[in-house]
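Take a look at the structure below.
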Amino acid sequence: PRYNARDAAIVLASMHGAKTLLGSATPSIETYYKATTGRFGLVSLTERFEGMQLPEMRLIDMSDARKKGLVTGTFAFETERLVNESLKRGEQSILFINRRGYAPIARCKLCGYVPKCNNCDVSLTYHRHSDKLVCHYCATPYSVPDVCPACKEPGIEVLGYGTERVEEEVESLFGHASISRMDLDTTRSKDSYENIIENFSKGKSQILVGTQMVTKGLDFDKVSTVGVINADSVINFPDFRASERAFNMIEQVAGRAGRRNENGVVAIQTYNPSHPVLSYLLQHDYIGFYEHELSERQRYNYPPFVRVIYIYIKHRDQIAVSSIAFEYANRLRKLLGNRVNGPDEPYVARIQSLYIRRIMLKIENNASITKVKKLLNDLRIEMTNQKLLSGAVLYYDVDPV
Ligand SMILES: [Zn+2]
Ligand SMILES: [Zn+2]
């Protein structure tokens, strides 16, 4: 079963006659909508704990910095200077990059060939520690080819930055500091997560490089610089929640800075400095962001104005998955009209050898979800009986996050 933990908590509480308390500096758009339209109660904290200041947010225009030669590797001079100043004051820095591994892309520099996973429709991430190309969807490792399989020349190079490569660059820029890295790869073994946190909170390491793992809930006294190395990779995701996710993630990692001192600065590196999400982040303006996002959601008819149900169809055969999804969507459209969108190919259209198609249902908030459920179930049974779903896996994601 797929469920949203927040909604499950609310249902569980109501079953027991209990109340649910949701707490966040960045509530989901749906939650805040319910809180401001009378469905939920709302209590606002308008000051930070003990009156501390929020960290100063600085946008760093990376294309401008590159033009002026003010970049080393993936670090703008400005970010580098802030980290150095923190080090001089005996304070700490957190550098956030939402990709693990060394480099997210391998490519032949002669013919443009990109090695992909045999089982998934994704390009492979280079991991230096293991010297392998790894699929982040099914974990299959591949050797780095000596010559390009397409043009037979030794042209394979790796591009972009993941946590491993950022860590390596941090070592060369701030070699005198002690550095930790926190991502899925460094936290696999027992206690390693706790050890990294404990080392950093005791000041045994001065710079923490990490993925999303560093954004949530950690309370360190001496962090005065937070660097968001590649804000664009958080913002540019083809999904209706991309802006919300980006705002939350960057605001949350920013909240790690300056919790006990007034020097907190957050450097946000971006090639897209005029993106609206960034302008709200600069002001720590959740309400402004919420209102902007809410009007976008209303205009394009997305939650909280409707409920979304994704229906996924998976199959080993690419032609079969297309025709099944097409037939399914047609029959569904006869029942639900223009509430049915698609089928389309999701962002990653093949995982573990299964091709994937997705149909999106937008259901009015006041519609009976029990009726929708029955209708979907009846359609599945009908198509199964007519042998139209053979070999296919069908599943639903209700209120996707
Ligand atoms: Zn794979
Ligand atoms: Zn090639």
Worksheet item: Restricting the search to segment 176-194, which residues are in contact with a strand residue (DSSP E or B) (Cβ under 9 Å, 6 or more places away or on another chain), in a loop (DSSP other than H, G, I, E, B) and closer than 18 Å to VAL83 by Cα?
Response: ALA177, SER178
Response to the item:
Scanning segment 287-301 for residues that are surrounded by fewer than 21 Cβ atoms within 10 Å (Cβ to Cβ), modelled with pLDDT of 95 or more and aromatic (Phe, Trp, Tyr) gives TYR290
Practice prompt. Within segment 195-210, work out how many residues are surrounded by fewer than 20 Cβ atoms within 10 Å (Cβ to Cβ), in a loop (DSSP other than H, G, I, E, B) and in contact (Cβ under 8 Å) with a residue 12 or more places away in the chain.
Written response: 3
Practice prompt. Could you identify the single residue in SER28, SER86, SER44 that is among the polar types (S, T, N, Q), more than 30 Å from GLN206 (Cβ to Cβ) and surrounded by 15 or more Cβ atoms within 10 Å (Cβ to Cβ)?
Written response: SER28
Discussion item. Could you go through segment 246-267 and let me know if any residue there is closer than 24 Å to ARG2 by Cα and among the aliphatic types (A, V, I, L, M).
Written reply: yes
Worksheet item: If we only count helices (runs of 4 or more DSSP H) wholly inside segment 233-303, which ones have 2 or more residues that are charged (D, E, K, R)?
Response: 242-254, 286-300
Item to complete: Please specify each residue of segment 107-126 satisfying the condition of being within 14 Å of ligand 1 (Cβ to nearest atom) and in contact (Cβ under 8 Å) with a residue 12 or more places away in the chain.
Response: PRO115, CYS117, ASN118, ASN119, CYS120, ASP121, VAL122, SER123, LEU124, THR125
Response to the item:
The residue that is nearest to ligand 2 (Cβ to nearest atom), considering only those in segment 80-116 that are hydroxyl-bearing (Ser, Thr, Tyr) and within 20 Å of LEU159 (Cβ to Cβ), is TYR113
Discussion item. Here is a list: VAL166, VAL226. Which entry is β-branched (Val, Ile, Thr) and not in a strand (DSSP E or B)?
Written reply: VAL166
Discussion item. Please list, ordered by residue number, the strands (runs of 3 or more DSSP E) wholly in segment 314-401 having 2 or more residues that are outside the structural domain of ASN119 (by TED's automatic domain parsing), farther than 30 Å from TYR33 by Cα and in contact (Cβ under 8 Å) with a residue 60 or more places away in the chain.
Written reply: 393-398
Worksheet item: Is it true that LYS132 is within 16 Å of ligand 2 (Cβ to nearest atom), over 18 Å from the mean Cα position of the chain (by Cα), among the charged types (D, E, K, R) and surrounded by 15 or more Cβ atoms within 10 Å (Cβ to Cβ)?
Response: no
Discussion item. Looking at segment 163-176, can you tell me whether even one residue there is more than 16 Å from ligand 1 (Cβ to nearest atom), over 23 Å from SER353 (Cβ atoms) and touching a His at 6+ places or on another chain (Cβ under 8 Å)?
Written reply: yes
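To keep it simple, each residue is scored yes or no on (1) of a type in the set (Gly, Ala, Ser); (2) in contact with a helix residue (DSSP H, G or I) (Cβ under 8 Å, 6 or more places away or on another chain); (3) over 21 Å from GLU78 (Cα atoms); (4) surrounded by 14 or more Cβ atoms within 10 Å (Cβ to Cβ).
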{"site": "GLU164", "(1), (2), (3), (4)": "no, no, yes, yes"}
{"site": "ARG181", "(1), (2), (3), (4)": "no, yes, yes, yes"}
{"site": "THR187", "(1), (2), (3), (4)": "no, yes, yes, yes"}
{"site": "ASP191", "(1), (2), (3), (4)": "no, no, yes, no"}
{"site": "ALA231", "(1), (2), (3), (4)": "yes, yes, no, yes"}
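Go through the residues of segment 104-113 one by one and say whether even a single one is farther than 30 Å from SER224 by Cα, among the charged types (D, E, K, R) and part of a strand (DSSP E or B). I'd like the intermediate steps shown before the answer.
Step one: filter segment 104-113 for residues farther than 30 Å from SER224 by Cα, giving 105-113.
In the following step, the residues that additionally are among the charged types (D, E, K, R) were identified as 107, 109.
Restricting the remaining residues to those that are part of a strand (DSSP E or B) gives 107.
Yes, there is a match, as at least one residue in segment 104-113 is farther than 30 Å from SER224 by Cα, among the charged types (D, E, K, R) and part of a strand (DSSP E or B).
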Discussion item. Looking only at segment 147-194, count every residue that is within 16 Å of ligand 2 (Cβ to nearest atom) and free of Cβ contacts under 8 Å to residues at least 12 places away in the same chain and tell me the total.
Written reply: 3
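The values are calculated or read from the model by the stated rules, or taken from the named source; none is laboratory data. Just so you know, these numbers come straight off a predicted model, no measurement behind them. Ideal geometry is used to build each Cβ from the backbone, glycine not excepted, and the neighbour counts take in all protein chains shown.
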